[in-house]
Each structure stands twice: as C-alpha cells, then as structure tokens.
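Reading through the structure tokens given below for one structure.
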There are 2 protein chains.
Amino acid sequence: MKQYEHPPADAFELTAILHALADPYRLSVVRRLAQAQPQPCAPLQAGRPKSSTSHHFMVLRKAGIVRTEVVGTTHMNSLRDAELEARFPGLLASVLKAAAMTPLEACVPAAS
Amino acid sequence: MKQYEHPPADAFELTAILHALADPYRLSVVRRLAQAQPQPCAPLQAGRPKSSTSHHFMVLRKAGIVRTEVVGTTHMNSLRDAELEARFPGLLASVLKAAAMTPLEACVPAAS
C-alpha cells in the first residue's frame with residue numbers, strides 16, 4: 001500500500017513553506033483543512049484534474065504543511081499545524097488570518 | 001529621471017507577498033532592510049549581477065514589500081512595513097521572526 005513521505009519537523013524550511021502557501025489553490029486547500037480535518041482529497045480537488053492536485057499536495061507535503069495518511073482506500077489529509085507552530089511560531093496563523101480577508105469561495109481559482 | 005511604480009496598499013495580494021518572500025535572496029534583502037533602512041542597492045546585492053538583483057527588487061516592489069525611491073543618483077530601498085502591517089497584521093513580523101532562526105550571513109545564497 002502506498003505511503004507518503006513527510007519531512008521531519010526539524011527539516012522544515014521557511015522558504016519552502018512560503019512557496020507552498022504562495023499558490024492560490026494550495027492556500028485554499030490549507031484554509032479548508034484549517035476549517036475541518038482530516039479530509040480526503042476529493043472534496044479538496046475543486047474540480048481540478050487528479051494530476052494537478054497530486055502535484056500541489058506533493059508540494060504541501062514536501063514543505064511540511066500537510067500530512068497524507070492512507071486509510072483503507074482513502075487518502076486523508078491534515079495540517080501539521082502543531083509541528084509548524086512549534087517550528088515557526090505564529091507563521092501559519094498569520095497567513096491564515098491574512099487569507100481570511102478573502103472569502104474562501106472567491107479565492108479558489110478555476111482548474112488549470 | 002527614472003521613478004519606480006509601487007502598488008497601492010489596497011492592491012497588495014497575499015499570494016504575491018508570500019511568493020516574493022519565498023526566495024532566499026529576496027528574503028535576505030527584506031531581513032537586511034528590517035535591520036536598517038533605507039539602503040541603496042549596492043550593499044544588498046551580495047555579489048550578484050545587477051540584472052539578477054533588478055529582477056528580485058522588481059518582484060519585491062510589485063508585491064508591495066519594498067519601496068525604491070530615486071534620490072539623486074542613488075536608488076534607496078525601504079520596507080513598506082507599516083502598510084503591510086495595516087493590510088495583513090502580523091504577517092511580515094512572523095516571517096521575519098521565523099527567518100531570524102537562521103543567521104543572516106548563512107542564508108544568503110551564492111549569486112546565480
């Protein structure tokens with residue numbers, strides 16, 4: 001069964017985290033997970049092709065923002081928010097607060 | 001005399017700001033300006049060619065992070081920190097705090 005790789009918290013890099021959050025779709029995924037987690041991939045896809053979402057989730061995992069666990073036939077995603085907070089206090093919270101100024105429904109771009 | 005364009009604060013976009021800060025060189029420029037500003041370009045170039053730094057400063061200006069003013073023959077750069085704080089409270093401070101975990105000297109990459 002496929003398992004995903006996740007970096008340890010002490011390997012998190014600030015610029016990789018900022019890069020991962022700098023994409024509107026990836027940021028929308030993080031916002032949705034901050035509202036409810038864990039979540040399977042399907043409701044987070046926002047109509048995008050699987051190849052596109054797979055890439056974006058890989059970027060989020062590599063940066064240490066998202067953890068994807070295989071549960072039966074479902075891939076469940078959650079934020080590594082406690083680890084991020086321990087490593088870079090206040091960072092994710094300030095980004096989520098800034099992002100919240102735009103309604104979530106308005107900021108998910110069309111599939112591309 | 002050349003003058004640079006700067007977006008108004010209400011046009012700042014979160015993802016553009018995160019993208020601008022996600023590059024190690026650009027982040028090092030922001031950190032140096034947070035320590036002392038305004039500064040001309042030369043001490044911020046870190047040995048990079050002018051074409052490279054020009055591009056990076058343009059990204060920082062377009063995101064609303066840096067203001068470049070032409071003063072005589074010198075281009076003086078400063079952070080738009082008050083405007084950023086008003087628009088996205090705590091965001092720049094949390095990024096600078098996270099960045100400060102790495103010594104500034106160690107995080108400026110070689111010119112590329």
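The values are calculated or read from the model by the stated rules, or taken from the named source; none is laboratory data. This structure is a prediction, so every number in the text was calculated from the model and none was measured. So basically every Cβ, Gly included, is an ideal-geometry build from the backbone, and we count neighbours across all protein chains shown. These area figures cover heavy atoms from the full protein model, side chains too; ligands, DNA and RNA do not enter into them. Shrake-Rupley method; radii C 1.70, N 1.55, O 1.52, S 1.80 Å.
I'm trying to understand the selection: among the residues of the range B:13-24, which are surrounded by 21 or more Cβ atoms within 10 Å (Cβ to Cβ) and touching a residue at least 24 places away in the same chain (Cβ under 8 Å)?
B:L14, B:I17, B:A20, B:L21, listed by residue number.
Go through the residues of the range B:45-52 one by one and say whether even a single one is of a type in the set (S, T, Y), more than 14 Å from every other protein chain (Cβ to nearest Cβ) and outside any helix (DSSP H, G or I).
Scanning the range B:45-52, I find no residue that is of a type in the set (S, T, Y), more than 14 Å from every other protein chain (Cβ to nearest Cβ) and outside any helix (DSSP H, G or I), so the answer is no.
Considering only residues of the range B:25-51 that are among the basic types (K, R) and without any contact (Cβ under 8 Å) to a residue 40 or more places away in the chain, which is least open to solvent (accessible area, probe 1.4 Å)?
Across the range B:25-51, the extreme among qualifying residues is B:R26.
Out of contact with any strand residue (DSSP E or B) (no Cβ under 7 Å at 6 or more places or on another chain), surrounded by fewer than 18 Cβ atoms within 10 Å (Cβ to Cβ) and among the hydroxyl-bearing types (S, T, Y) - does that describe any residue in the range B:101-110?
Taking every residue of the range B:101-110 in turn, at least one turns out to be out of contact with any strand residue (DSSP E or B) (no Cβ under 7 Å at 6 or more places or on another chain), surrounded by fewer than 18 Cβ atoms within 10 Å (Cβ to Cβ) and among the hydroxyl-bearing types (S, T, Y).
How many residues are within 14 Å of the chain's Cα centre (by Cα) and either more than 17 Å from B:A22 (Cα to Cα) or within 14 Å of chain A (Cβ to nearest Cβ) (or both) when one looks only at the range B:55-80?
Qualifying residue count, the range B:55-80: 15.
So which residues in the range A:54-76 are in a helix (DSSP H, G or I) and within 25 Å of A:A93 (Cβ to Cβ), if there are any at all? If you could, list the steps in order and put the result at the bottom.
Filtering the range A:54-76 down to residues in a helix (DSSP H, G or I) leaves A:54-63.
Those that are in a helix (DSSP H, G or I) and within 25 Å of A:A93 (Cβ to Cβ): A:H56, A:F57, A:M58, A:V59, A:L60, A:R61, A:K62, A:A63.
Inspect the range B:7-19 for any residue being closer than 22 Å to B:R87 by Cβ and of a type in the set (V, I, T) and give the result as yes or no.
Here is the first cut: in the range B:7-19, the residues closer than 22 Å to B:R87 by Cβ are B:7-19.
If we keep only those that are of a type in the set (V, I, T) as well, we get B:15, B:17.
Yes, the range B:7-19 contains a residue that is closer than 22 Å to B:R87 by Cβ and of a type in the set (V, I, T).
Residue under question is B:A9, and the condition is that it be within 11 Å of another protein chain (Cβ to nearest Cβ) and either of a type in the set (V, I, T) or open to solvent by less than 50 Å² (accessible area, probe 1.4 Å) (or both); does it hold?
no
Quick check on A:A36: is it more than 10 Å from every other protein chain (Cβ to nearest Cβ) and at pLDDT 95 or above? Can you show your working first?
On the way: more than 10 Å from every other protein chain (Cβ to nearest Cβ): yes; at pLDDT 95 or above: yes.
Yes.
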